[in-house]
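*Asks:* The structure follows.
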Amino acid sequence: MLKKRVVIVGMGFGGIRTARVLAGKGLDVILADRNNYHLFQPLLYQVATAGLEQESIAHSVRAMARNWSGTRFQLTEVNGVDFVSREVLTDTGCIPYDYLVIGAGSVTNFFGLESVERNSFDLKELADAETLRNHILTAFERAVLEPDPARKRALMTFVIVGGGPTGVEFAGALIELVHFVLAKDYPELSTHAARVVLVEATDKLLASMPAKQRTYTLKKLRSMSVEVLLNARVVDAGPERVTLHDGAIIPAHTLFWSAGVKAAPIAAVIDVPHRAGGRIPVESDLTIPGHPEVFVIGDMAYLEQEGSALPMTAPVAMQMGIYVGKAILAKERNSSTPPFRYCDKGSMATIGKNAAVASAFGMDFRGYMAWLVWLLLHLYYLIGFRNRIVVMLNWVWYYWFHERQVRLITRRDGK
């Protein structure tokens, strides 16, 4: 008898967890992704700020799959789904399925601001982090040779849009890179003139956290010389300037956008209704209405819980992935599963050395304790023993010596 085939699209946090649950359970599991690695996206900003090597936050999918019985990986670009024929359409051909799990993640949402999209950087792919690191370091190299003081300062001005965890963490890491590392690398520059400007459209940073955590974050960033602009919106951008909603212009050669995400482009070509951000509405068991064999997980899935949509975060994707794996096994046993219920275990963000905020297990942590919890949890969720060791050693080295070893300009064709 032929084995039932499960196709999992996307090797992000959700897809990996689904594959783990289904491995060795008598199913033919095919993993499909356009990249041959799983990426630990929460640490991309540390690659961009010269803190970690690219390879230390990525892990080969084939290396994982060889230990998962009945699982195969296929490097391919998924272009659509034929629900009638039950086939996944890819650039290398069609892949038939009995069960389909779609977890292709998200992309940056620029909210229709074309000039911002053309002139900004984001962090969703491994290559994005390398490109941004090259650009930051090249900006300082150019500043060394720039005779015009105003242009020199613009080269050392970095505007970050979005006061969520990514924006806060990137701002803290970048200002530390400038003050503790690049200040020594470029003694001919007055790096105290460098600016890191964090722009947030609302009146608060880390909006999902308690007020005390938000206040601590704001005070800490400002004490580190990060300029935080609240109730401010970026409406236009060029190669050498950023324009705010009130007409104010910030001379800057670097704009980093972390103000929003939307479902991956594959969601748009799937013939189903869509909700805000291009997300696909799902039933309580994470299936598409009318297609009980098709599941959508992670950032692509739209599911309301307690009156609001579940956030597009890694913890949601991981819990969805585990649930779907168990749901498929239950279907094979002709048994049912209870509706999916996300258990919010808390949130956290690091600000800088010895400084972080965390709300977990009904408690709030700030400062050193939160920073330690953040470090340990990120090490725990990294895939691969080698990756954990390399990341830990890099962190220890930076903690004691304030040195970041990956200050390499590997390409000079950035934006």
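The values are calculated or read from the model by the stated rules, or taken from the named source; none is laboratory data. Since the structure is predicted, the reported quantities are computational estimates derived from the model, not experimental observations. Because the Cβ atoms are built from the backbone with ideal geometry, glycine has one as well, and the counts that use them run over all protein chains shown. Surface accessibility is based on the protein's heavy atoms, side chains included, excluding ligands, DNA and RNA. Shrake-Rupley method; radii C 1.70, N 1.55, O 1.52, S 1.80 Å.
*Asks:* How much FRET efficiency would the formula 1/(1 + (r/R0)^6) give for GLN305 and ARG20, where r is the Cβ-Cβ distance and R0 is 41 Å, rounded to 0.05?
*Replies:* Numbers: r = 24 Å, r/R0 = 0.58.
Computed FRET efficiency for GLN305 and ARG20: 0.95.
*Asks:* Could I ask something else about it? Pulled fully out, how much extra length does the chain show between SER225 and ARG34, if you take 0.36 nm times their separation in residues and subtract their Cα-Cα distance? Before the final figure, lay out each step's value.
*Replies:* Values: separation 191, 0.36 × 191 = 68.76 nm, distance 4.00 nm.
Residue separation times 0.36 nm, minus the Cα-Cα distance, leaves 64.8 nm.
*Asks:* Top to bottom by accessible area (1.4 Å), largest first, where do PHE170, PHE83 land? Could you put the intermediate results ahead of the total?
*Replies:* Values: PHE170 5, PHE83 30 Å².
The ranking, largest first, comes out as PHE83, PHE170.
*Asks:* Ranked from highest to lowest mean number of other Cβ atoms within 10 Å per residue, what is the order of the peptides 70-78, 13-21, 372-380, 256-264?
*Replies:* Numbers: 70-78: 17.7, 13-21: 25.0, 372-380: 15.3, 256-264: 23.1.
Ranked by mean Cβ neighbours within 10 Å, highest first: 13-21, 256-264, 70-78, 372-380.
*Asks:* Quick check: pseudo-label points 7 Å beyond the Cα along Cα→Cβ at GLU283 and ALA127, how many nm apart are they?
*Replies:* According to this spin-label approximation, the distance is 3.9 nm.
*Asks:* Give me the accessible area per residue for the stretch 346-398, probe 1.4 Å, as a whole number in Å². Present the calculation step by step, with values, prior to reporting the outcome.
*Replies:* Working: 2680 Å² over 53 residues.
Value for the stretch 346-398: 51 Å² per residue.
*Asks:* Ranked from the most accessible area to the least, with a 1.4 Å probe and all protein chains present, what is the order of SER106, SER69? Write down the numbers at each step before the final one.
*Replies:* Numbers: SER106 15, SER69 80 Å².
In descending accessible area the options line up as SER69, SER106.
*Asks:* Also, I was wondering about something else. Give me the extension gain from GLU117 to ARG341: residue separation times 0.36 nm, minus the current Cα-Cα distance, reported in nm with one decimal.
*Replies:* Details: separation 224, 0.36 × 224 = 80.64 nm, distance 3.55 nm.
Full-extension gain reported as 77.1 nm.
*Asks:* Could you do me a favour and compute the accessible area per residue for the stretch 264-304, 1.4 Å probe, result in Å²? Present the calculation step by step, with values, prior to reporting the outcome.
*Replies:* Numbers: 1610 Å² over 41 residues.
Heavy-atom SASA per residue in the stretch 264-304 reads 39 Å².
*Asks:* A follow-up question, please. How do the peptides 159-165, 112-118, 243-249, 191-197 rank, highest first, by the average count of neighbouring beta carbon atoms within 10 Å per residue?
*Replies:* Result, highest mean first: 159-165, 191-197, 112-118, 243-249.
*Asks:* Cross-link list LYS4/LYS25; LYS152/LYS219; LYS25/LYS331; LYS219/LYS345; LYS124/LYS262: which exceed 18 angstrom alpha carbon to alpha carbon? Please report the intermediate quantities before stating the final value.
*Replies:* On the way: LYS4/LYS25 11 Å; LYS152/LYS219 28 Å; LYS25/LYS331 13 Å; LYS219/LYS345 26 Å; LYS124/LYS262 12 Å.
The answer is LYS152/LYS219; LYS219/LYS345.
*Asks:* Could you give the length gained on full extension between HIS402 and LEU377, defined as 0.36 nm per residue of separation minus the Cα-Cα distance, in nm? Walk me through the numbers before you get to the answer.
*Replies:* Values: separation 25, 0.36 × 25 = 9.00 nm, distance 2.22 nm.
My answer for the length gained is 6.8 nm.
*Asks:* Note down the relative contact order for the stretch 142-278 as a percent, whole number, built from C-alpha pairs under 8 angstrom at least six residues apart. Can you show the working numbers first?
*Replies:* On the way: 213 pairs, mean separation 39.5, N = 137.
Relative contact order, the stretch 142-278: 29 percent.
*Asks:* Right, here's the next one. Taking a quarter of the surface of the Cα convex hull of the stretch 331-415, what do you get in nm²? It would help to have the intermediate numbers written out before the result.
*Replies:* Working: hull surface 43.2 nm².
Averaged projected area of the stretch 331-415's Cα convex hull equals 10.8 nm².
*Asks:* Compute the projected area of the convex hull of the Cα atoms of the chain, averaged over all viewing directions, and report it in nm² to one decimal place.
*Replies:* Values: hull surface 83.1 nm².
Dividing the Cα hull surface by four gives the mean projection, 20.8 nm².
*Asks:* If packing is taken as the mean number of other Cβ atoms within 10 Å per residue, what is the order of 301-309, 274-282, highest first? Display every interim value, and only then the final one.
*Replies:* Working: 301-309: 14.3, 274-282: 17.4.
Highest to lowest by the protection proxy: 274-282, 301-309.
*Asks:* Can you pull the Kirkwood radius for the stretch 232-295, inverse mean 1/r over Cα pairs, to one decimal in Å? Present the calculation step by step, with values, prior to reporting the outcome.
*Replies:* On the way: mean 1/r = 0.0670 Å⁻¹.
Final number for the Kirkwood radius of the stretch 232-295 is 14.9 Å.
*Asks:* How many angstrom separate the Cα center of the stretch 367-410 from the Cα center of the stretch 308-354?
*Replies:* 26
*Asks:* Sticking with this one: Please give the helix 165-176 orientation as an angle from the longest Cα principal axis of the chain, in degrees from 0 to 90, rounded to the nearest 10.
*Replies:* Tilt of helix 165-176: around 40 degrees.
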